[in-house]
Amino acid sequence: MNYIIFDLEWNQCSKGPEFENPRLPFEIIEIGAVKLNNAFEVVDEFSSIVKPRIYKHLHNHIRQMLNYDETLLKTGKPFDMVCREFMKWCDTDYIFGTWGTSDLIQLQKNMDYYYMNKFAEPFKYYDIQSIFAEYYPDLGACKLQKAVEAMDLPTEEAFHSAINDARYTAQIFQHLSKKNLHDQYSYDCYHEPKDKDSEIFSFHRAYSEHITRGFDQRSELMADKEITSQRCYKCKRRLSKKIKWFSYGQNSFLSVGRCWYHGYQKGIIKIKISNTGKFFAIKKTIPITKSEVEDIRSRQIALREKRREKRKSR
Ligand SMILES: [Zn+2]
């Protein structure tokens, strides 16, 4: 199996958000990728400029970042052609790797715009930014350039060109591959699981994850027993409830449970809205310490207080 480490550059409406195309706020203008074999060696590269169709002028902010301008974009090929070439170049046996989650989202949004999306369901990929953050917790989910500098990699090529950024990301991935990456994958959730049978349950060293199917109503989600029940991230035994689910923010819920064997664990539910307008949840179960349990409890109490104050002032 190959690793396809890719990066995109995209443009947005230069006249401001009120003039943007609601179907495609961000238009891809460059795809760059590095193919690594299963020994993490570079075997090929892909680089292509996309001739924009919707936003022909660069947004100021984008112009300042990029190392090229409209003159080069005019020499590019249409997105659907570039994308088809890219997918063909990826071949069939591969897993994507990207810096963060947004490149896969924008790739699929652009594919959707041209009615060419072939990824119908969640799929595994490597979010190299979040793997990096695990090994460099002081930097966290930082910018690519910061990570490259932190790893002391040579920085001769300019950042913010898709092929250069893909090369940098691939180099970071090569370094991280010396650690155990087998369970470090994430799921891309641009499309939610279609039905109950295709819901995703994945178990990792440091957490477990459940991605649900879509529901018509938000309220159906938190009424579903399977979604609100909690199982140990390690042994899958049912956790005894310590703190019931409470909402913090409109789409997020927290809870705490305990496994007799594996200790305290927090549950995090994030409700997402899919492309088709359905509500689905990403639930994570993560081990925590006793003091984190107390932090969560104080958070719950503070939120409750705040709500009470709000009600009083109405
Ligand atoms: Zn357990």
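The values are calculated or read from the model by the stated rules, or taken from the named source; none is laboratory data. Since this is a predicted model, take the numbers as computed values, not measurements. Glycine also receives a Cβ, built like all others from the backbone with ideal geometry; neighbour counts cover every protein chain displayed. For accessibility, only protein heavy atoms count, side chains too; no ligands or nucleic acids. Shrake-Rupley method; radii C 1.70, N 1.55, O 1.52, S 1.80 Å.
Considering the stretch 294-314, the residues that are part of a helix (DSSP H, G or I) and over 19 Å from Gly249 (Cα atoms) include one that is modelled with the lowest pLDDT, namely Ser313. Counting only helices (runs of 4 or more DSSP H) that sit completely within the stretch 58-104, those holding 3 or more residues that are assigned by TED's automatic domain parsing to the domain that holds Phe40 and either at positive phi or surrounded by 15 or more Cβ atoms within 10 Å (Cβ to Cβ) (or both) correspond to 79-90.
Checked against (1) more than 14 Å from the ligand (Cβ to nearest atom); (2) open to solvent by less than 20 Å² (accessible area, probe 1.4 Å), Lys244 passes all but a single condition, namely (2). Annotation note: Cβ proximity below 7 Å between a residue of the stretch 225-238 that is free of Cβ contacts under 8 Å to residues at least 40 places away in the same chain and a residue that is of a type in the set (Lys, Arg) and within 14 Å of the ligand (Cβ to nearest atom) (sequence gap 6+ or interchain) occurs for Ser229/Arg238; Arg237/Arg231; Arg238/Arg231. No other residue among Leu303, Leu254, Leu239 is within 16 Å of the ligand (Cβ to nearest atom) and open to solvent by less than 70 Å² (accessible area, probe 1.4 Å) apart from Leu239.
Scanning the stretch 113-151 for residues that are among the charged types (D, E, K, R) and over 11 Å from Gly100 (Cβ atoms) yields Lys118, Glu121, Lys124, Glu134, Asp138, Lys146, Glu149.
Could you grab me the full set of residues in the stretch 258-274 that are within 16 Å of the ligand (Cβ to nearest atom), part of a strand (DSSP E or B) and open to solvent by 80 Å² or more (accessible area, probe 1.4 Å)? Explain how you work it out, then say what you get.
To start, the set of residues in the stretch 258-274 that are within 16 Å of the ligand (Cβ to nearest atom) comprises 258-267.
Filter once more, so that each one left must be part of a strand (DSSP E or B): 258-259, 263-267.
Scanning the stretch 258-274 gives a single hit, Arg258.
Does Cys189 fit the bill of being within 30 Å of Asn11 (Cα to Cα) and open to solvent by 10 Å² or more (accessible area, probe 1.4 Å)? The answer is yes for Cys189. Scanning the stretch 97-116 for residues that are free of Cβ contacts under 8 Å to residues at least 60 places away in the same chain and of a type in the set (S, T, N, Q) turns up just one, Ser102.
Yes/no per residue for (1) at pLDDT below 90; (2) closer than 17 Å to Ala162 by Cβ:
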| site | (1), (2) |
| --- | --- |
| Ile29 | no, yes |
| Leu36 | no, yes |
| Ala39 | no, no |
| Val43 | no, no |
| Pro52 | no, yes |
| His59 | no, yes |
| Leu66 | yes, yes |
| Leu73 | no, yes |
| Asp80 | no, no |
